[in-house]
Structures are given as structure tokens and as C-alpha cells.
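Here the structure is laid out as C-alpha cells; the discussion comes afterwards.
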Amino acid sequence: MVRLSGLMVVVALGLIAGGIFGLTQLPTAFIPNEDQGYGLVAVQLPDGASSERTLAALAQAARIAKEQPGVADVIAISGLSVLDNNATLANAGIAYATFKPWSERGRAKDQDLRSIMRGIQDRLAELTDGRGFVLVPPPIQGVGNAGGVTMQLLQRDGTFDYKKMLSSANAVIDAAESQSTIERAVTSFRTDSPQLQVVIDRTKAETLGVSVGSVFAALSSYLGSTYVNQFNKFGQTLQVYVQADSPHRLRPEDLLKLNVKTADGSTVPIGSLAQVRPAVGPSLISLFNLYLTATISGREAPGFSSGQAMDVMEEVASRVLPPRTDFAWSGMSYQEHAVGNQLYMAFALSLLLVYLCLAGQYESWLSPLAVLLAVPLSLLGPVGALTALGVANNLYVQIGLMLLIALSAKNAILIVEVARERRAAGQELLEAAVEAARTRFRPILMTSFAFLLGVLPLVTATGAGANARRSLGISTFSGMVASTCLAVLFVPSFFVVTQERRRGKKSKVSAVTTSPAAIID
């Protein structure tokens with residue numbers, strides 16, 4: 001094969017191009033969802049539902065989760081909405097389903113994270129009141145409230161048109177769930193929560209000498225609270241707040257009996273210049289980047305990655321959203337979107353660093369190419385293995401690819417170093433390349449097998465952090481196999497081609513330097 005070095009280089013370049021192309025076609029992700037030993041079950045009732053109804057629905061959801069194989073215990077908390085950044089809402093609740101230890105669940109196919117959560121989700125259709133859905137904990141605690149995809153719809157027209165926002169959110173959800181990539185998408189944004197609207201007769205208020213600001217301030221102090229000052233007593237600093245006593249703010253008519261000061265210092269009841277009317281509106285108003293927002297939480301279907309789900313959600317949102325309504329990413333989705341395609345830049349910079357180090361060591365610009373061309377060949381292993389096993393190109397896979405640069409370069413350096421020594425000893429170029437591959441074949445196999453056996457537990461990992469370990473193990477294991485098999489075949493040809501190119505340049509330089517002497521003679 002060394003005698004056909006030119007053809008071998010062409011074949012290698014084709015394999016490298018195929019590996020790079022295959023890498024770009026892999027589904028992307030940021031950090032894989034992990035089986036952290038628990039899952040989330042969220043329950044949401046219609047707006048205006050009492051806390052008693054929420055408790056009953058939450059208890060039913062907790063019972064369903066407890067009956068799922070693999071679940072050890074369930075802890076339910078009423079009044080907490082995980083979809084609204086853990087806001088306090090009477091019609092929402094959350095249940096934490098803790099799983100049995102990984103050693104007890106073993107390798108049972110129906111007791112892994114996805115199977116448990118899917119089983120709970122299927123049975124949540126039995127809820128007699130409200131709706132329930134399961135959420136996977138975020139891979140990084142504190143970055144988002146759940147795993148999957150989190151999109152923020154933004155109303156950039158400067159208005160707070162809640163009906164328009166709800167219509168936009170429902171349009172995105174309907175279009176997303178029609179795609180096979182998205183298993184489920186939900187939003188907690190609602191506009192029909194029962195409310196009381198205070199309508200102030202501003203003309204009458206001015207006639208009575210009451211400013212509108214004074215009315216709002218009085219309502220804020222009586223119904224909410226207002227900080228006054230603080231004082232020291234009993235060795236402590238105590239704060240003073242003004243608030244109406246609870247018996248005087250229970251019913252709507254109590255609000256009309258509250259008094260507000262006029263400009264001359266007298267007081268008038270708020271009922272003399274305001275009315276209380278029933279109304280509906282959103283129970284919670286959230287802003288994102290200073291715009292009215294609705295949060296959409298999505299979960300990718302089995303066999304798809306979060307990157308593919310984000311691409312689908314982005315395409316759907318761009319297609320169905322009305323003008324002046326935009327979207328942004330938050331939580332883990334924001335981090336994944338911010339990282340983008342930095343893998344290719346990091347890979348290129350790593351190759352450049354290796355090239356410069358070898359150029360300094362060999363004192364040549366061409367000799368390091370024999371090592372550098374062998375590095376991308378290792379991509380064929382991860383591309384094939386990840387495609388066959390359905391593993392996304394996540395952060396841990398990328399760490400493995402960075403590690404493969406050093407491992408692949410090591411195999412090539414073993415051959416190139418011996419070949420350079422043989423050439424320095426006066427051996428012919430082809431013979432030196434073949435002899436280097438032959439003498440370094442056993443050391444390459446020994447070091448490669450030692451590494452492969454070392455990472456084998458990562459490939460077959462189970463339990464806590466298994467997805468991260470498997471991603472790292474599969475990428476490095478398959479890449480090392482490809483590098484070991486291909487390095488011995490192609491590196492000698494790389495060495496021959498680079499040395500012939502270098503020798504050709506030296507011959508041209510020699511011809512230029514000797515030609516003046518020939519003319520003089």
C-alpha cells in the first residue's frame with residue numbers, strides 16, 4: 001500500500017470528508033437527561049379552582065405515581081406551579097416521585113427514567129379534575145425547572161394583549177405536537193382566571209379632592225402591605241408594616257368600606273368613588289427581556305434529541321407566530337443555543353495547536369501533516385457508533401472527540417518518529433515507512449487495548465450519570481478502535497507523501513543555489 005501512497009492519501013481524504021459530513025448530520029444536544037432518582041409530576045386545575053380541589057387532584061396524581069413500578073415514594077406540594085418558575089398558585093401543585101435505588105431497579109427495561117415517566121404520563125389521563133403531566137429534572141440543578149425544551153414567546157408590540165398571547169401560544173403548541181419530533185408541549189399561560197376589577201370614577205374623585213394615586217396607595221396598603229419603619233426592642237430590630245386586619249378584607253364589599261384621605265385631610269369611603277366588578281384575566285403575568293411572555297415547555301419524542309426538538313420548535317414558531325410576536329430560549333435551551341457549533345472551532349483550534357507543537361519538534365512544516373491527517377480518521381468510529389446507538393452529539397461526546405485528538409496523534413507519532421529515525425540512518429523512504437509501521441504495530445495495539453479496556457465500563461455504564469458516562473465512553477471507545485485500525489494503514493503513506501514533497505522542495509532550492517556557480521564556471 002505504501003507504493004500507492006498517492007491513492008491512499010486520496011482515499012484517506014475521502015474518509016475524512018465522510019467523517020466530517022457524518023458528524024454534522026448527527027442530532028445535537030447539550031447535556032443528556034439523567035436518571036437522578038426522581039421525577040416531577042405537575043398538576044394544573046382550571047383557573048379559579050379552590051385549594052381543596054387542587055389537593056384532591058394532587059392526591060390522585062400522587063397515588064398514580066406511587067403505583068408505578070420503580071417508584072418508592074411520592075411527596076406532593078400544593079400551591080406550587082413548576083411551569084411558572086415555582087410561583088404560588090392555588091390551582092397548581094407538584095409531586096416529587098422518588099425512585100427505588102438503581103441497584104434494585106437493575107437493568108429492568110420498564111424501570112428506567114423514560115419508562116417510569118411515560119407510564120405515569122399515560123395514567124394521568126385518569127385524573128377526574130384538571131390535567132397532569134410529567135417533567136424530567138434539569139441535568140444541571142438551578143438551570144431551568146425541568147429538562148426538555150423551554151421557549152419564551154415575546155410580545156414585542158408594546159401591548160399587553162393577553163388574548164393574542166394565549167392564541168399565539170396555543171398555535172405553537174398545536175403545530176409542535178403535530179410533529180413526530182415533539183412528544184408533548186404545554187404552557188401554563190391562561191387568561192380566564194376569575195378576578196375583581198376596581199373601576200374608579202376619576203371625575204368624582206377629583207371633585208372630592210382625592211387623587212387617583214391616593215386611592216391606589218390606600219388599596220395597596222390595606223389589601224397588601226406597606227413598609228413604614230423599624231425599631232429596636234428586646235435586642236432585635238423589628239419592622240413595621242401597615243395592613244388591614246383580615247376580617248376587614250375578606251369580601252368585595254369590605255374593599256368599598258375602606259377610607260382614603262382627601263386634600264383637606266378628611267376621609268371618604270372608597271365606595272363613594274369606585275365600583276368593584278367581576279372580571280377575568282391572567283393569574284400570573286411574567287416578563288422576559290421586559291416583554292410580556294408565555295412559557296412553552298416541550299419534551300422531545302423517543303429517538304430524537306433536544307437539538308432536533310429546538311429546530312422543530314423554532315421552525316414552527318417562525319411559521320405560525322403573528323407579526324411583532326417573537327420567541328427566545330431560556331433554561332437549558334438557552335445554554336444549548338448559546339453554545340451552537342463551537343465544537344468545530346474547538347476541534348480546529350486543537351488541531352492547530354497539535355500542528356504547531358509538532359512543527360516545532362520536527363523543525364518542519366510538512367512532517368507534522370503525516371500525524372495531523374491521521375487525527376480526523378478517528379471520527380469515523382464515533383459517527384458510526386453514535387448513529388447506530390441513537391446517541392446525540394452532546395457535550396460529553398464533544399469532550400471525547402477532543403480526547404481523540406491526543407489519542408489518534410499518539411498512534412501516528414509512534415510510526416512517524418520511527419520512520420524519521422530510519423531515514424536519518426540512511427534507509428530508503430519506502431522501506432523506512434514500512435519498517436516503522438511493522439515495528440510500531442505491537443506497541444500501538446498494546447496501548448490501544450489498554451485504553452479500550454479502561455473505558456469499557458463507561459460504555460456499559462448504568463445508574464447515576466449513566467448517560468453522560470456512556471456518551472463519553474462510546475465516543476472515545478469507537479474513535480480509538482477506528483484510529484487503531486486505520487493509523488497503521490494510512491500513516492506510512494502520509495509520511496511518504498509529505499517526505500517526497502519536502503524532498504522536492506529541497507531539490508528546487510538546491511537547483512536555485514547551484515545555478516549561479518554553473519554560469520561562472
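Mind listing whichever residues of the stretch 366-375 are crowded, with 23+ Cβ neighbours inside 10 Å, in a helix (DSSP H, G or I) and in contact (Cβ under 8 Å) with a residue 60 or more places away in the chain? Talk me through it step by step, then tell me what you get.
Taking the stretch 366-375 and keeping what is crowded, with 23+ Cβ neighbours inside 10 Å, we get 368, 370-371, 374-375.
From the residues that got through so far, the ones that are in a helix (DSSP H, G or I) too are 368, 370-371.
Residues satisfying the conditions are A370, V371.
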Exercise for review: Could you tell me whether G19 is touching a helix residue (DSSP H, G or I) at 6+ places or on another chain (Cβ under 8 Å), over 21 Å from N394 (Cβ atoms) and in the same structural domain as I405 (by TED's automatic domain parsing)?
Suggested key: no
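For the stretch 339-365, how many residues are among the charged types (D, E, K, R) and assigned to a helix (DSSP H, G or I)?
0
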Review point. Which one is modelled with the lowest pLDDT, of the residues in the stretch 73-100 that are surrounded by fewer than 20 Cβ atoms within 10 Å (Cβ to Cβ), within 26 Å of the chain's Cα centre (by Cα) and of a type outside the set (S, T, N, Q)?
Key: D84
Check your understanding: Across the stretch 205-227, which residue is nearest to G271 (Cα to Cα) among those that are under 45 Å from the mean Cα position of the chain (by Cα) and in contact (Cβ under 8 Å) with a residue 12 or more places away in the chain?
Key -> L219
Practice item. Give the residues of the stretch 244-287 that are surrounded by 15 or more Cβ atoms within 10 Å (Cβ to Cβ) and under 30 Å from P137 (Cβ atoms), sorted by residue number. Key: P282, S283, L284, S286
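Within the stretch 293-308, is there a residue that is assigned to a helix (DSSP H, G or I), without any contact (Cβ under 8 Å) to a residue 60 or more places away in the chain and surrounded by 15 or more Cβ atoms within 10 Å (Cβ to Cβ)?
Initial filter on the stretch 293-308 (assigned to a helix (DSSP H, G or I)): 306-308.
Now restrict to residues that are without any contact (Cβ under 8 Å) to a residue 60 or more places away in the chain: none.
Taking every residue of the stretch 293-308 in turn, none turns out to be assigned to a helix (DSSP H, G or I), without any contact (Cβ under 8 Å) to a residue 60 or more places away in the chain and surrounded by 15 or more Cβ atoms within 10 Å (Cβ to Cβ).
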Revision key, fill the gap. Residue hits (the stretch 156-186; farther than 18 Å from E315 by Cα and either touching a strand residue (DSSP E or B) at 6+ places or on another chain (Cβ under 9 Å) or assigned to a loop (DSSP other than H, G, I, E, B) (or both)) are R156, D157, G158, T159, F160, D161, Y162, K164, M165, L166
**Study point:** G132 being assigned to a strand (DSSP E or B) and either on the phi < 0 side of the Ramachandran plot or not assigned by TED's automatic domain parsing to the domain that holds T187 (or both)
**Key:** yes
Check your understanding: When the stretch 1-56 is examined, which residues are found to be aromatic (F, W, Y) and closer than 30 Å to V491 by Cβ?
Key -> F21
**Study point:** Candidates E417, E421, E336, E314 - the one that is within 32 Å of the chain's Cα centre (by Cα), assigned to a helix (DSSP H, G or I), at pLDDT below 90 and of a type in the set (D, E, K, R)
**Key:** E336
**Study point:** the stretch 475-502 residues that are in the same structural domain as S408 (by TED's automatic domain parsing) and buried (at least 24 other Cβ atoms within 10 Å of the Cβ), paired with ones that are among the β-branched types (V, I, T) and not in a helix (DSSP H, G or I) (beta carbon under 9 Å, 6 or more apart)
**Key:** S475/V391; S483/V375
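The values are calculated or read from the model by the stated rules, or taken from the named source; none is laboratory data. Values in this document were obtained by computation on a predicted structure and should not be read as measured data. We place every Cβ from the backbone using ideal geometry, glycine too, and count neighbours over all the protein chains shown.
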